[in-house]
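Let me begin by presenting the structure, written as structure tokens, before commenting on it.
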Amino acid sequence: MRLKTSLLKEPKHKEIVSCVGWTTADELYSCSEDHRILKWNLLTNDTSLVVKLPEDIYPIDLHWFPKTVGGKKQPQAENFVLTSTDGKFHLVSKIGRIEKSVEAHKGAVLAGRWNYDGTALITAGEDGQIKIWSKSGMLRSTLASQGSPVYSVAWGPDSDRVLYTSGRQLIIKPLQPSAKVIQWKAHDGVILKVEWNSVNDLILSGGEDCKYKVWDSFGRLLHSSSSHDYPVTSLSWAPDGEVFAVGSFNTLRLCDKTGWSYALEKPNTGSVFSLAWSADGTQLAGACGNGHVIFAHVVEQHWEWKNFVITLTKRRTMQVRNVLNDAVDILEFRDRVIKASLAYGHLVVATSLQCYVYNSRNWNTPLIFDLKEGTVSLILQAEKHFLLVDGAGLYTFSYEGRLISSPKFPGMRADILNAQGVSLSNDTIAIRDKSDEKVILLFDALTGKPLSDGKPLTHKDQSLWTCLAGMAMANRELTTAEMAYAAIGELPRVQYINFIKEQPSKESSLAHMLMFSGQVQEAEVTLLQAGLIYQAIQVNIDLFNWERALELAVKHKTHVDTVLAYRDKFLQKFGRKETNKRFLQYSEGVEVDWEKIQAKIEMELSKEREKAASVPVRSSVASRR
């Protein structure tokens, strides 16, 4: 995956471009210190003047009013907020008419952002204040007041929290007065930009220490970049939260959500002061210090299934390669590709206007149908059908292009659904409820109607904890498994997991995890291959596999007395006498001394601990090799 960038030979603006914002997937507005707002049409490659602002208005930030909420178009969607150096923000129409100017801060208004449903506007100022306004520009409250400028601000995914900068600190402040504020030192220099994605709930920050960082919503660091040559001046999440872009001086970088860098471009832009993704997540625009507006689109995405590798080579072109015979097919589309998915013998491609369904047995004649919305954010496939998610809702289609169902539920926000919160099978659609993430909503895939009389599953449900426990042990996530088993009252299993955690070596731990899953023979083999003979014998003693325990002890000429001692103790407990001929044979002339046995066992365990401690820890790079 990489960015394909484009710049005009000569800049259209005469001064620094301070901010950019998309009106549609192909139309962008840019604002500059030359007091002009320009409109860019990427379909016709035309650039036109929207308005010449008054000479006293130097724009800083621009944010369009949300176009849709819950699939319904907003009446004010053709307006945007523009902040400026004169301490005001301006509500501006699409044709450039200033509908209202509001005195907001002392000094420059450094940021202005609508919340996700457009019911509130937040502004941050050079005066260190953060204020919340109604959509008509009436002051509701002053959320914070501090001594240093607030350079950037962002709404939380549910518009109930606000993230803002404070020097080198980041602060998350809930709108509820009694709720806890989270604050942490995030950078070694002043933080210039923050972004909070509504889909993945992750935070981006960048600053004068020349680094960008990824955080979760509790302020825990997930990724820190190495130092760039210049301060990080802009950041922007793609709408689906899968990738983000970073801007600096003559620098544009594309990263995945974990912070790993896919691509680095070095365009002649000066500092990139603002970055914005189109609503469909295929195009990126940047406001440049030298008067340019840079455009970029994402190419070379890959999809793999069995022997097929599919690559997006251009915005409207895909290459299909069969790795078995190196056969190559080229797929051409009328419009640019937005999303794609490859599974179950089918390729599903959503463009800005249509959906294409290909069968892997025939790449020449796709089934094509029109889309209501051009902003498909998620495609999920099952064997018999597939699911599309766009800003308006969820839709299940057959591979013949027939609409099967469209499930709906109260408070549905299709714009924030992602692959971690939606799952599809041949008969069921499962959706994690964003308003209460312990709740899972289940729908019939064929009708779209709620299952189980409309009653959702909650994560206090015993069956869900049981499933989690099983999956956690299968993936050797002991801490998660311990919590899940505790939740369903399986205390013996919790104790056994703690016993596994206390094992002196990874071989012992692995063996007991196999034992936990009923794989006794595999556990014994693991111990024997590691030279842990006593532990292999003890495993069989614990399972009362007496003959196998004695067989191992005799074969390896060690701990015969240990096996005999435990066997004798076992028989005494039940008031029985030895009748097994092999045990009678080996017990002749063998004296059972529990003190010696315990000392010998402790010595074996001590050797195992010493051996485990002496194994060098390989570096992450070496382990990947």
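Every number here is computed from the coordinates shown, using simple stated rules; none is lab data. Because the structure is predicted, anything quoted here is derived from the model rather than measured. Positions of Cβ are generated from backbone atoms using ideal geometry, with glycine treated the same way; all protein chains shown enter the neighbour counts.
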- request: Can you tell me the dipole magnitude for the chain around its Cα centre, using point charges on the Cβ only (Lys, Arg +1; Asp, Glu -1), in Debye to the nearest 20?
  value: 220 debye
field: Angle in degrees between helix 491-501 and the longest Cα principal axis of the chain, rounded to the nearest 10
entry: 90 degrees
message: If you split all Cα-Cα distances of region 159-233 into 10 Å bins from zero, what percentages do you get per bin, shortest first?
response: 20, 53, 23, 4, 0
message: Need one number: nm distance between label points at Ile404 and Lys100, each 7 Å from Cα along Cα→Cβ, rounded to one decimal.
response: 4.7 nm
query: How long are the semi-axes of the ellipsoid equivalent to region 366-452, from square roots of 5 times the Cα gyration tensor eigenvalues, in whole Å, largest first?
result: 20, 15, 11
message: Order 41-47, 28-34 from most to least packed using the mean count of other Cβ atoms within 10 Å.
response: 28-34, 41-47
task: Based on alpha-carbon positions alone, could you give the equivalent ellipsoid semi-axes of the chain from the gyration tensor, as √(5λ), descending, whole Å?
output: 59, 30, 24
Among 108-117, 224-233, the order from most to least packed when residues are scored by Cβ within 10 Å on average: 108-117, 224-233
- prompt: In vacuo Debye scattering of region 267-386, one point per C-alpha: log10 I(q)/I(0) at q = 0.16, 0.18, 0.20, 0.23 Å⁻¹?
  reply: -0.79, -0.92, -1.07, -1.32
- prompt: Rounded to the nearest 0.05, what FRET efficiency do His556 and Asn475 have when you use their Cβ-Cβ distance and R0 = 30 Å?
  reply: 0.35
query: Calculated FRET efficiency, Arg140 and Asp461, Cβ-Cβ r, R0 35 Å, to nearest 0.05?
result: 0.30
Stokes-Einstein diffusion coefficient of region 402-465, Kirkwood radius over Cα pairs, 4 °C, 1.567 mPa s, in µm²/s: 106 µm²/s
- prompt: Which whole-number percentage describes the relative contact order of the chain, with Cα contacts under 8 Å and a sequence gap of 6 or more?
  reply: 7 percent
task: Please go through the residue pairs Lys257/Lys501; Lys306/Lys449; Lys39/Lys100; Lys501/Lys600; Lys12/Lys339 and name each one whose alpha carbons sit more than 30 Å apart in this structure.
output: Lys257/Lys501; Lys306/Lys449; Lys12/Lys339
statement: Length gained if Lys577 through Asn45 is fully extended, taking 0.36 nm per residue and subtracting the Cα-Cα distance, is 181.9 nm
- request: Kindly express, to the nearest 10 degrees and within the range 0 to 90, the angle between helix 594-614's C-alpha long axis and the longest C-alpha principal axis of the chain.
  value: 30 degrees
query: At what distance in nm do the modelled label points of Phe570 and Ser425 sit from each other, each positioned 7 Å from its Cα along Cα→Cβ?
result: 4.1 nm
field: Extension gain (nm, one decimal) between Ile368 and Ser606, 0.36 nm per residue minus Cα-Cα
entry: 78.9 nm
- prompt: Roughly how many nanometres apart are two label points built 7 Å out from the Cα toward the Cβ at Gln519 and Phe218?
  reply: 3.1 nm
task: Normalise the Debye intensity by I(0) for region 161-313, one equal point scatterer per Cα, no solvent, then take log10 at q = 0.19 Å⁻¹ and round to two decimals.
output: -1.15
- line: Checking rank on 481-489, 583-591, 533-541, with mean other Cβ inside 10 Å and highest first, the result is 533-541, 481-489, 583-591
message: Show me, bin by bin at 10 Å from 0, the whole-percent P(r) of region 396-542 based on Cα pairs.
response: 10, 29, 22, 17, 15, 6, 0
- prompt: Nearest 10 degrees, 0 to 90: what angle lies between the long axis of helix 462-474 and the longest principal axis of the chain (Cα atoms)?
  reply: 80 degrees
- prompt: What are the semi-axes of the equivalent ellipsoid of region 522-562, taken as the square roots of 5 times the eigenvalues of the Cα gyration tensor, listed largest first and rounded to whole Å?
  reply: 14, 12, 8
message: Between region 544-615 and region 86-118, what is the separation of their alpha carbon centroids in Å?
response: 81 Å
message: Which residues does the label zone of Val439 cover in region 101-123, counting backbone N under 16 Å from a point 7 Å along Cα→Cβ?
response: none
